[in-house]
Amino acid sequence: MFLVFLGAPGAGKGTQAAIISRKLGLAHISSGDLFRQAVDKGTKLGKSVKAYMDKGALVPDEVTVQLISERLNEPDCKSGCVFDGFPRTTEQARALDRMLTSRGEAIDEAIYIEVPEKELLKRLSGRWVCRKCQAPYHEVTSPPKVRNICDKCGGELYQRPDDTEETVKKRLKVYFAQTTPVLDYYQAEGKLFAVDGNLGIEEVSEKIINALGPKLVKIK
């Protein structure tokens, strides 16, 4: 089974992709993890990825697709996988279809974790981190006992540039501009399933498993 998880930053798609991949025994392919691993290895492709990341630019489709293609050839993807953060553009979606078609496979379902923009803004712009121990906090869901002070080490809490309200708004604008066509792409193929990301984590994963039920039976 091959699944695509879609959702804006802060929607929880990474969390759900990890849960579902464990439940179904599928490889979990996160584009963000692949980027970081490529950079750490210092390969030619990794150096290319690093150059774009250092500039704060999006990694081009051709580079991303190459990384995904290499990962798909690993043994743990033979029986399927869960794609997390990929595809982000319709060109990437088409490239993924070509990759899978060459293996006699296809995407079974594209799962969209749907969260209103107002809620995404609240989730993302409320994140704070300790300067000393890097412990994460959120001003709404997990605030420190004392404002701006880390519970664990007493260090000062600060907000990363990526988590300021202005930056978050820009990130979400870019995401929706890029990804809405991808949703339309899978909708046209009859493979898009949207789930309410405002529900609890367990409830969201349960709805996803229930939606996949008929296809799971066919695979077994």
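Within the range 51-80, the set of residues being in a loop (DSSP other than H, G, I, E, B) and out of contact with any helix residue (DSSP H, G or I) (no Cβ under 6 Å at 6 or more places or on another chain) comprises Lys55, Gly56, Ala57, Leu58, Pro60, Asn73, Glu74, Lys78, Ser79, Gly80. Does Glu206 satisfy the criteria of being in a helix (DSSP H, G or I), under 30 Å from Ala57 (Cβ atoms) and out of contact with any helix residue (DSSP H, G or I) (no Cβ under 6 Å at 6 or more places or on another chain)? Against the criterion (in a helix (DSSP H, G or I), under 30 Å from Ala57 (Cβ atoms) and out of contact with any helix residue (DSSP H, G or I) (no Cβ under 6 Å at 6 or more places or on another chain)), Glu206 does not qualify. Before we move on, is Gly80 at pLDDT below 90 and either exposed (fewer than 14 other Cβ atoms within 10 Å of the Cβ) or not hydroxyl-bearing (Ser, Thr, Tyr) (or both)? So Gly80 fails the test. When every residue of the range 77-86 is checked against the conditions, none turns out to be within 30 Å of Ser125 (Cβ to Cβ) and over 17 Å from the mean Cα position of the chain (by Cα).
For Thr15, state whether it is part of a helix (DSSP H, G or I), within 12 Å of the chain's Cα centre (by Cα) and either farther than 18 Å from Tyr185 by Cα or charged (D, E, K, R) (or both). Yes; evaluated as a whole, the condition is true for this residue.
Scanning the range 7-42 for residues that are without any contact (Cβ under 8 Å) to a residue 40 or more places away in the chain, surrounded by fewer than 21 Cβ atoms within 10 Å (Cβ to Cβ) and of a type in the set (A, V, I, L, M) gives a single hit, Val39. Only residues that are within 19 Å of Asn210 (Cα to Cα) and either acidic (Asp, Glu) or touching a strand residue (DSSP E or B) at 6+ places or on another chain (Cβ under 7 Å) (or both) were counted in the range 15-43, giving 6.
Of all the residues in the range 81-102, those that are part of a loop (DSSP other than H, G, I, E, B) and either touching an Asp or Glu at 6+ places or on another chain (Cβ under 8 Å) or without any contact (Cβ under 8 Å) to a residue 24 or more places away in the chain (or both) number 2. Could you go through the range 143-159 and let me know if any residue there is crowded, with 16+ Cβ neighbours inside 10 Å, closer than 30 Å to Leu96 by Cα and at pLDDT 95 or above. Scanning the range 143-159 turns up no residue that is crowded, with 16+ Cβ neighbours inside 10 Å, closer than 30 Å to Leu96 by Cα and at pLDDT 95 or above. Against the condition hydroxyl-bearing (Ser, Thr, Tyr) and surrounded by 18 or more Cβ atoms within 10 Å (Cβ to Cβ), how does Thr64 come out, does it pass? It is true that Thr64 is hydroxyl-bearing (Ser, Thr, Tyr) and surrounded by 18 or more Cβ atoms within 10 Å (Cβ to Cβ). Once the range 112-136 is narrowed to residues that are closer than 15 Å to Pro161 by Cβ and not in a loop (DSSP other than H, G, I, E, B), the residue that is nearest to the chain's Cα centre (by Cα) is Leu124. Summed over the range 88-140, residues that are over 16 Å from Gly7 (Cβ atoms), small (Gly, Ala, Ser) and surrounded by 14 or more Cβ atoms within 10 Å (Cβ to Cβ) total 4.
The values are calculated or read from the model by the stated rules, or taken from the named source; none is laboratory data. Quick caveat, the model's predicted, so the values are computed rather than measured. When we count neighbours, we look across all protein chains shown, and the Cβ atoms used for this are built from the backbone with ideal geometry, even at glycine.
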